[in-house]
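K.L.:
Pasting a structure below so you can have a look.
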Amino acid sequence: MLLIECPWCGERAETEFSYGGEAGIARPADPDALGDAEWADYLFNRSNPRGAHRELWNHAQGCRRWFGVERDTVTYRISGSFRLSGGVGKRED
Amino acid sequence: MKKYSAFSLVRNAISHNRRWREAWRSPEPRPEYDAIIVGGGGHGLATAYYLAKEHGVRNVAVLEKGWIGGGNTGRNTTIVRSNYLWTEASLLYEHSMKLWEGLSQDLNYNVMFSQRGVYNLGHTLQDMRDIERRVNANRLNGIDAEVVSAEQIRKDIPFINTSPDARYPILGASLQRRAGVARHDAVAWGFARAADKLGVDIIEQCEVTAINRDGGTVTGVETTRGTIRSPKVGVVVAGNASVLAAMAGLRLPIESHPLQALVSEPLKPVIDTVIMSNAVHGYISQSDKGELVIGAGIDAYNGYGQRGSFPTIEHTMQAIIELFPVLSRVRMLRQWGGIVDVCPDACPIISKTPVGGLYFNCGWGTGGFKATPGSGWVFAHTIAQDRPHELNAPFDLERFTTGALIDEHGAAAVAH
């Protein structure tokens, strides 16, 4: 069981949250300007690192807000949470 | 290498089982091979076996960072079936099924393939429509499939809860009678032994740390046991696919997740088939030792830790007890996790890459075990011929750029 710190509500059990995958993937400002490969990279490709991972979580059964978490994908240790600004594609430490 | 037979059993019994030979050698890596397979799981060993057997490429090394079959091959719930919806997927899995049917003879190793049937339960009217559609699609592709009624399920599996008052009432199921289970460790050992016999070097405790390239072409790998040169490198490392891809400067449409499974204390025979439920989301069979083998869905978060969270186990047990209230007091003996490489369309990538001589076989996600022989067979073809076989051509890495996805998420017999 992970203990996840919501920046607004504090530490809560993992079951209160839903997972949103890799953080910092901004929707391209001008999708029409992208080629197929760039669009595929935005849509499907993920860095999927073994180690430190910046990821999105939603406090689904609490304040229902999105935020970011930095977590190690091998030890699962969480090193901190951060708020997002300008939508889930942007981040703020 | 001695052939295993009833006669060899008797002979070794007479000599008090002291003269059994090792099943495969443990050679030192040579400086150069015609092909290197990274990953000594079932898929990697099968690839090496079929490279040697079907394509005459025998100067092959299989590099495994741990021990043979210690990853997902030894961590799955051993279910084998081929009842996928889309033609591309069902033909690939059915090819694998045909190989399973002759595998013990082919390898001279008993993989204990048991075609005890797989039921995929339907709990809603829409489930049943989807089941009928999938059964018809399977039959059109020459794959055995039938729709069974709740009444039939009650006869076949007497202690499943078929009460109409259940929270998720069972309305029927699809049944593939040729599906079943196999002994997962034996699959790794059998392929390892058979590949070794054909000259393949199986090198354990040998982790790949870099993929060497010259221009846009692969030249070999750096490992914890030195540099090994090869013009062809096939990577089949399941959960670590993205890590190996990054070594070659590639990004994959894959995320790694823990998938957990459990076994119960051994019971007398109670389940003589495999039962899966999409809506309640659990699956169960019984091993020859009597343990109930239980699995369900992945942990939602990315992970490489070969373990997951307790709430996922709880969810799994809830599903099993919903279907089988009679099992509510059975104790679980062991629980573990494997790291599965989940692809956006729940279908594998068996493909050439932008790097010449570098091939990837990954993205099997939660359902790779059933495909072990077929996956190795088509990957061996792809590596030997430097082009995909028609069975795996649709499973190209390019499909994420062209948009020709094969959407088995939810379409296949179980949600991934």
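K.L.:
With the requirement that a residue be of a type in the set (Gly, Ala, Ser) and on the phi > 0 side of the Ramachandran plot, what does region B:109-164 give you? Spell out how you get there, then give the answer.
P.N.:
Filtering region B:109-164 down to residues of a type in the set (Gly, Ala, Ser) leaves B:114, B:117, B:122, B:137, B:142, B:145, B:149-150, B:163.
Within region B:109-164, B:Gly117, B:Gly142 meet the criteria.
K.L.:
Give me the pairs: first residue in region B:287-300 and over 22 Å from A:Thr73 (Cα atoms), second residue of a type in the set (D, E, K, R) and open to solvent by 30 Å² or more (accessible area, probe 1.4 Å), beta-carbon distance under 7 Å, and six or more apart or on different chains, which are they?
P.N.:
Between residues of region B:287-300 that are over 22 Å from A:Thr73 (Cα atoms) and residues that are of a type in the set (D, E, K, R) and open to solvent by 30 Å² or more (accessible area, probe 1.4 Å), the close pairs are B:Gly290/B:Lys268.
K.L.:
Ok, one more. From the list B:Val236, B:Val208, B:Val280, B:Val293, which residue is β-branched (Val, Ile, Thr), within 24 Å of the chain's Cα centre (by Cα) and within 14 Å of chain A (Cβ to nearest Cβ)?
P.N.:
Result of the check over B:Val236, B:Val208, B:Val280, B:Val293: B:Val208.
K.L.:
Let me ask something additional. Considering each residue of region A:22-36, count those that are at the interface with another protein chain (Cβ under 10 Å from one of its Cβ atoms) and touching a Phe, Trp or Tyr at 6+ places or on another chain (Cβ under 9 Å), and give that number.
P.N.:
Looking only at that region, the number is 0.
K.L.:
So B:Arg116 ticks every box in (1) among the basic types (Lys, Arg); (2) more than 20 Å from B:Ile202 (Cα to Cα); (3) touching a helix residue (DSSP H, G or I) at 6+ places or on another chain (Cβ under 6 Å) but one. Which box is left unticked?
P.N.:
(3)
K.L.:
Now for a separate question. Given A:Glu55, A:Glu11, which one is facing another protein chain (nearest Cβ under 9 Å) and either exposed (fewer than 12 other Cβ atoms within 10 Å of the Cβ) or under 10 Å from the mean Cα position of the chain (by Cα) (or both)?
P.N.:
Exactly one residue qualifies, and that residue is A:Glu55.
K.L.:
Just a yes or no: is a residue in region B:245-257 within 16 Å of B:Arg75 (Cβ to Cβ) and either hydrophobic (A, V, I, L, M, F, W, C) or within 14 Å of another protein chain (Cβ to nearest Cβ) (or both)?
P.N.:
Within region B:245-257 (the criterion being within 16 Å of B:Arg75 (Cβ to Cβ) and either hydrophobic (A, V, I, L, M, F, W, C) or within 14 Å of another protein chain (Cβ to nearest Cβ) (or both)), the answer is yes, since at least one residue qualifies.
K.L.:
Now a separate question. Considering only residues that are closer than 20 Å to B:Glu255 by Cα and away from every other protein chain (no Cβ under 14 Å), look in region B:358-370 and name the one that is farthest from the chain's Cα centre (by Cα). Talk me through it step by step, then tell me what you get.
P.N.:
Of region B:358-370, the ones closer than 20 Å to B:Glu255 by Cα are B:359-369.
Next, from what is left, pick out any that are away from every other protein chain (no Cβ under 14 Å): B:359, B:361, B:364, B:366-369.
On the way: B:Tyr359: 19, B:Asn361: 12, B:Trp364: 7, B:Thr366: 8, B:Gly367: 6, B:Gly368: 3, B:Phe369: 1 Å.
Per the stated criteria, the residue is B:Tyr359.
K.L.:
Looking at A:Val74, A:Val69, can you tell me which residue is of a type in the set (Val, Ile, Thr), within 11 Å of chain B (Cβ to nearest Cβ) and assigned to a strand (DSSP E or B)?
P.N.:
Going through A:Val74, A:Val69 in turn, just one is of a type in the set (Val, Ile, Thr), within 11 Å of chain B (Cβ to nearest Cβ) and assigned to a strand (DSSP E or B): A:Val69.
K.L.:
Looking at B:Val270, is it open to solvent by less than 30 Å² (accessible area, probe 1.4 Å), among the hydrophobic types (A, V, I, L, M, F, W, C) and more than 14 Å from chain A (Cβ to nearest Cβ)?
P.N.:
no
K.L.:
Determine whether B:Gly308 is more than 19 Å from the chain's Cα centre (by Cα) and at pLDDT below 95.
P.N.:
It is true that B:Gly308 is more than 19 Å from the chain's Cα centre (by Cα) and at pLDDT below 95.
K.L.:
Out of the residues in region B:318-357 that are part of a loop (DSSP other than H, G, I, E, B) and within 14 Å of chain A (Cβ to nearest Cβ), state the one that is surrounded by the fewest Cβ atoms within 10 Å (Cβ to Cβ).
P.N.:
B:Pro354
The values are calculated or read from the model by the stated rules, or taken from the named source; none is laboratory data. Predicted model, so just to flag it, every value in this text is computed and none were measured. Counting neighbours? That spans all protein chains shown, and the Cβs are built from the backbone with ideal geometry, glycine included. Just the protein is used for accessible areas: all its heavy atoms, side chains included, with ligands, DNA and RNA removed. Shrake-Rupley method; radii C 1.70, N 1.55, O 1.52, S 1.80 Å.
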